[in-house]
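Enquirer: After the C-alpha cells below, expect a handful of questions from me.
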Amino acid sequence: MTNNEIRVRIAPSPSGNLHVGTARTALFNYLFAKNKGGKFILRIEDTDLERSNEAYTQNIFDSLKAMGLQWDEGPDVGGAYGPYKQSERLDIYTKYAEKLLESGHAYYCWCSQEELEAEKALQLEEKKQIIYSKRCKNLSPEDIEQFKAEGRKPVIRFEIPSRQLKFKDLIKGDVEFDLNLLGDFVIMKSNGIPTYNFAVVADDIDMKMSHIIRGEDHISNTPRQILIYEALGAKIPEFAHVGMILAPDKTKLSKRHGATAVSEFIQQGYLPEAFVNFLALLGWSSPDGAEIMPLDEIIQKFSLDRIHISSAVFEFDKLNWMNGMYIRSMPVSELVERIKPYLQEFDLSIYTQEQLETIINAVKEPLVKLSEVTNAVSYFFGDSINIDNEIQETVLNTEESKKVLTEFLGFCEGIDYGDIEKIHDQLGEFRTMMKPLKPKQTMWAIRAALTGRTHGADMGVIVSLLAKNRVILRIKEAI
Ligand code: GLU
C-alpha cells in the first residue's frame with residue numbers, strides 16, 4: 001500500500017438487516033473509493049455479542065452484493081489487514097489498551113454501577129455537570145488490593161484532556177468541541193470487550209483507513225476517537241459526516257414509514273440498480289443535474305464536495321418513479337428473468353420465452369414495483385377467470401355486452417391467433433360490424449369477458465396468447 005492510498009470502510013453492526021441509512025453510507029464510501037481508485041472495506045462490528053446475529057451478517061453481505069457494492073477486503077474475502085470481524089480481534093484491542101495504560105492515557109476504574117449512579121445523583125442534586133469524577137485515577141496500591149479482594153473487575157477508562165479540540169470535517173467544515181464537557185470514557189469493559197469508540201479507532205488504524213465517511217450521528221464520537229489516535233501516535237484520517245435521512249414528515253426514517261431494510265425494498269420489487277441510483281441522490285447531486293444514472297456513471301461523477309450539508313428526505317414517490325423508469329428501460333429478456341420470482345404461482349411452462357416476453361412487454365408500462373406484476377399478468381394463466389360482481393353488473397350484464405359477446409363467439413372461429421397485427425385488424429373489422437355500438441363499448445365487453453377487467457394489456461396480445469380454446473371458453477362463460 002502506498003502512503004496516500006484511499007481506503008474507506010463500511011462498518012455495520014449485525015444487530016439488524018442492512019438499514020437504508022447504512023446502505024447509503026456504504027454507497028458513498030464505495031463511490032468515493034472507486035472514483036479515486038481506492039479500496040472499499042467491509043468490517044463487521046459484532047462486539048455487542050447479545051445483539052449480533054449471524055443471519056444479520058448474511059443479510060448485510062447479500063444486500064450490499066445485490067446493490068453491486070462489492071468490497072475489496074472483508075470477512076469473507078479476506079485481505080492484508082484482517083480479521084475483518086471485531087469479535088475475532090479481541091487480543092488486538094487488549095494490546096492497544098495496554099499501550100494506553102502504559103503511556104498514562106488510560107487507567108483502571110473499579111467503580112460499581114451503584115457507585116456511579118450515586119455519583120450522578122449527587123451531581124444532579126448539586127446542579128453540577130454530570131461527568132465521571134475520575135475518582136479511580138489516583139488510587140493507592142492498598143485501594144486496588146481492597147477492590148480485588150472484594151471481587152471487583154475493573155473497566156479501563158481513557159482520560160480526556162482539558163482543552164478545546166478542533167477538526168476539519170470534509171462535509172460539515174470546521175468543528176470544535178470543548179473537551180471539558182466530556183468525562184473520561186470507558187474503552188474496555190470489565191469482560192474484556194472494547195467499546196465502540198475504542199475498537200473503531202484500533203481497527204481504523206490497523207486497517208489503514210484514509211477517510212471516515214459516516215452518518216452525522218457519529219460526529220459527537222469523533223473527538224473521543226481523535227484523542228485515541230493522538231494518544232496512540234497514529235495518523236488521524238479525514239472525517240466526512242453525512243446528514244441524516246429523514247422521512248417525508250421530516251422525522252427520523254423508521255419502520256412506521258414503511259420498509260427500512262434494503263432487503264425489504266428488494267423483496268417488494270424495487271430493482272437494486274434503481275434503489276442504488278435513488279440512494280445516491282439522497283444527499284448528493286450530480287454536477288450536471290442528471291437523475292437517472294447507472295452506478296458506473298455515478299462513480300465517475302461522485303465527489304464529497306457535492307454532498308449536501310443538511311439532511312436528505314426519503315421521498316417514496318421519487319423512488320417509485322425511478323423504479324418505474326428502470327423497469328421500462330430494461331431489456332425485456334432481462335426483465336422477464338427478474339420478474340420470474342413474482343410469478344411462482346403460475347405455470348409458466350404453458351408459454352415460450354418469447355411469449356412471456358410479449359406478455360411482460362404488454363403489462364410493464366404502469367408497473368411501479370416488480371411485485372405488481374403478479375396481479376398484472378394473472379388473467380394470462382388458467383382457463384377460466386373470476387369476474388367480480390361490479391364488472392359483471394356494470395359491464396357484462398348489459399344488453400349491449402350480451403349482444404357483443406354472442407356475436408364475438410362466432411367471430412372467434414376465424415381469428416388468426418398467431419399474428420398479433422392481424423388480430424388488431426380483425427378486431428377493427430368486428431368493431432365495424434357491431435356499429436352502431438360504440439367501438440369502446442364493444443371492446444370493453446370483450447376485454448371484461450377475457451380478463452375480468454376494464455383495462456390492461458393490448459387486446460391483440462391478450463387474444464393471441466389466450467388462443468382459441470381459452471378465448472371461446474371465457475366468452476362462453478361470460479355469456
Ligand atoms: N458500527 C458503527 C455503526 O454502524 C460504525 C460507525 C462508524 O462508521 O464509525 O454505526
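Enquirer: Does THR22 fit the bill of being out of contact with any helix residue (DSSP H, G or I) (no Cβ under 6 Å at 6 or more places or on another chain), more than 12 Å from the ligand (Cβ to nearest atom), outside any loop (DSSP other than H, G, I, E, B) and under 23 Å from TYR270 (Cα atoms)?
Expert: Criteria not met by THR22.
Enquirer: From the set of residues in region 349-365 that are loosely packed, with under 15 Cβ neighbours inside 10 Å and not hydroxyl-bearing (Ser, Thr, Tyr), which is farthest from GLU273 (Cα to Cα)?
Expert: Here the residue is ILE350.
Enquirer: Please indicate, with yes or no, whether at least one residue in region 288-311 is surrounded by 14 or more Cβ atoms within 10 Å (Cβ to Cβ), more than 25 Å from GLN70 (Cα to Cα) and touching a residue at least 24 places away in the same chain (Cβ under 8 Å).
Expert: yes
Enquirer: For region 230-246, does any single residue satisfy the condition of being in a loop (DSSP other than H, G, I, E, B), under 30 Å from PHE316 (Cβ atoms) and among the β-branched types (Val, Ile, Thr)?
Expert: No: region 230-246 contains no residue that is in a loop (DSSP other than H, G, I, E, B), under 30 Å from PHE316 (Cβ atoms) and among the β-branched types (Val, Ile, Thr).
Enquirer: Taking the condition without any contact (Cβ under 8 Å) to a residue 24 or more places away in the chain and out of contact with any Cys (no Cβ under 9 Å at 6 or more places or on another chain), does GLU176 pass?
Expert: yes
Enquirer: How about region 375-479: which helices (runs of 4 or more DSSP H) wholly inside it have at least 2 residues that are at pLDDT 95 or above and within 44 Å of the chain's Cα centre (by Cα)?
Expert: 420-433, 439-451, 459-478
Enquirer: Being crowded, with 18+ Cβ neighbours inside 10 Å and within 11 Å of the ligand (Cβ to nearest atom) is the filter; apply it to region 220-239 and report the residue that is farthest from LYS99 (Cα to Cα).
Expert: PHE239
Enquirer: Now for a separate question. Which of (1) assigned to a helix (DSSP H, G or I); (2) surrounded by 24 or more Cβ atoms within 10 Å (Cβ to Cβ); (3) within 14 Å of the ligand (Cβ to nearest atom) is the odd one out, the single condition ARG9 does not satisfy?
Expert: Unmet condition: (1).
Enquirer: Could you say which residue among ILE160, ILE156 is farther than 17 Å from SER190 by Cα and either out of contact with any strand residue (DSSP E or B) (no Cβ under 8 Å at 6 or more places or on another chain) or touching a residue at least 24 places away in the same chain (Cβ under 8 Å) (or both)?
Expert: ILE160
Enquirer: Which residues, taken from region 247-265, are assigned to a strand (DSSP E or B) and either surrounded by 15 or more Cβ atoms within 10 Å (Cβ to Cβ) or in contact with a Pro (Cβ under 7 Å, 6 or more places away or on another chain) (or both)?
Expert: ALA261
Enquirer: Closer than 16 Å to GLU264 by Cα, outside any helix (DSSP H, G or I) and within 11 Å of the ligand (Cβ to nearest atom) - does that describe any residue in region 33-52?
Expert: No - not one qualifying residue is present in region 33-52.
Enquirer: Let me ask something else. Taking the residues in region 196-219 that are surrounded by fewer than 21 Cβ atoms within 10 Å (Cβ to Cβ), touching a residue at least 24 places away in the same chain (Cβ under 8 Å) and under 28 Å from PRO154 (Cβ atoms) as candidates, determine which candidate is nearest to the ligand (Cβ to nearest atom).
Expert: My answer is TYR196.
The values are calculated or read from the model by the stated rules, or taken from the named source; none is laboratory data. Worth saying up front: this structure is predicted, and the values here are computed from it rather than measured. Please note: Cβ atoms are built from the backbone with ideal geometry, for glycine as well, and neighbour counts cover all protein chains shown.
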